[in-house]
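For reference, the structure discussed in these notes is given below.
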Amino acid sequence: MSSLNERAPAYWRSLDELERTGAFRTLVEREHHGVSWEALPPATRRQFLKLMGASAALAGLSGCRWPKENIVPFSRPAGYTPGVSEQYATAMEIGGVATGLLVTSYDGRPIKIEGNPSHPMSLGATDSIAQASVLELYDPARSRTAIRREGGQRLNQTWDDFAAFATEHFAALRASGGSGLAVLHEASSSPSVERMWGRLREIFPLAARYEYEPLSSDNEREGAVLAFGAPYHAHFAFDHADVIVCLDADPLLTHPAAVRHARDFAKGRRPEGGAMSRLYAFEAVHSVT
């Protein structure tokens with residue numbers, strides 16, 4: 001083995017490159033035509049990182065591919081005219097308060113949401129949450145399958161997998177009356193939801209029910225229990241109020257029924273109807289240290 005060259009590179013890919021043998025010198029000069037061997041700079045850490053970074057970037061680009069999708073023809077119902085918009089009446093619940101909506105759809109794709117003028121909680125108006133909800137239909141991160149959590153991992157499941165799991169799992173719970181079964185859901189004032197829960201309790205009388213909302217009204221319910229002895233739900237009539245006092249509350253913006261509240265409040269603020277109502281708001285000041 002020949003002695004090492006004085007300009008031995010710090011990084012090398014073969015023993016021939018490290019020793020800079022005559023065969024390797026000839027190979028390099030033939031690859032880099034017109035460049036002298038001695039003119040080539042020795043490999044440095046910076047050059048090595050540049051090459052590795054470029055290789056990693058090219059490898060990443062080769063893996064950027066759209067998922068395979070199948071184009072399914074639109075199943076046109078009888079009497080349907082393509083390109084003509086249609087409106088559908090629906091409702092959206094926020095914090096257990098349903099707001100009536102009219103959804104404009106083109107060729108089966110919802111594109112616009114407005115308030116339903118015939119619904120008492122919207123009266124033709126909507127809020128920003130309802131307007132933005134149409135984007136959820138086209139959100140690429142929207143769940144498309146049932147998800148099962150096991151061992152801290154999220155496993156995509158089909159509805160057939162869930163049916164098989166439910167058949168086996170709930171059969172064992174039926175014998176114990178549903179002991180250990182917990183149902184977690186968002187707030188809802190739907191009579192249909194209450195009927196389904198009643199049917200579930202008939203089969204699993206020991207099952208527990210839990211309600212969760214990011215912005216809950218637990219304090220309101222507790223206040224109603226203190227005042228009336230039961231967790232009543234308050235329905236405000238701002239159009240009949242002369243003086244409105246809000247204690248750390250915002251019924252015209254963040255309340256689930258804010259759309260109806262704003263309409264009723266506006267009725268009492270018309271000067272042609274006589275004296276206008278007055279609104280007094282008190283909010284707690286939280287100091288930050």
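Values as computed for the structure displayed
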| item | result |
| --- | --- |
| Residue match in the stretch 194-211 (condition: exposed (fewer than 10 other Cβ atoms within 10 Å of the Cβ) and of a type in the set (Ser, Thr, Tyr)) | yes |
| Residue 136 open to solvent by 70 Å² or more (accessible area, probe 1.4 Å), without any contact (Cβ under 8 Å) to a residue 40 or more places away in the chain and either on the phi > 0 side of the Ramachandran plot or in a strand (DSSP E or B) (or both) | no |
| Single residue of 23, 10, 89 found to be among the small types (Gly, Ala, Ser), modelled with pLDDT of 75 or more, over 30 Å from residue 260 (Cβ atoms) and open to solvent by 70 Å² or more (accessible area, probe 1.4 Å) | 23 |
| Scope the stretch 245-263; condition outside any helix (DSSP H, G or I) and either at pLDDT below 90 or crowded, with 20+ Cβ neighbours inside 10 Å (or both); matching residues | 246, 247, 248, 249, 250, 251, 252, 253, 254, 255, 256, 257 |
| Filter result (free of Cβ contacts under 8 Å to residues at least 40 places away in the same chain and assigned to a strand (DSSP E or B)) within the stretch 96-111 | 100, 101, 102, 103, 104, 105, 106, 109, 110, 111 |
| Subset of the stretch 149-162 that is touching a residue at least 12 places away in the same chain (Cβ under 8 Å) and among the polar types (S, T, N, Q) - its residue that is least open to solvent (accessible area, probe 1.4 Å) | 157 |
| Total residues in the stretch 214-226, condition open to solvent by 70 Å² or more (accessible area, probe 1.4 Å) and either among the aromatic types (Phe, Trp, Tyr) or farther than 20 Å from residue 254 by Cβ (or both) | 1 |
| Single residue of the stretch 123-133 satisfying the filter (of a type outside the set (Gly, Ala, Ser) and open to solvent by less than 80 Å² (accessible area, probe 1.4 Å)) that is farthest from residue 259 (Cα to Cα) | 131 |
| Pair list, Cβ < 9 Å and 6+ apart or interchain, from the stretch 198-219 residues that are at negative phi to residues that are among the aromatic types (Phe, Trp, Tyr) and open to solvent by less than 100 Å² (accessible area, probe 1.4 Å) | 203/170; 204/170; 209/197 |
| Residues (aromatic (Phe, Trp, Tyr) and open to solvent by 100 Å² or more (accessible area, probe 1.4 Å)) located in the stretch 163-188 | none |
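The values are calculated or read from the model by the stated rules, or taken from the named source; none is laboratory data. What you are looking at is a predicted structure, and each value in this text was computed from that prediction instead of being measured. Every residue, glycine as well, gets a Cβ built from its backbone with ideal geometry; the counts of neighbours run over all protein chains shown. We work out accessible area using only protein heavy atoms, side chains counted, and drop any ligands, DNA or RNA first. Shrake-Rupley method; radii C 1.70, N 1.55, O 1.52, S 1.80 Å.
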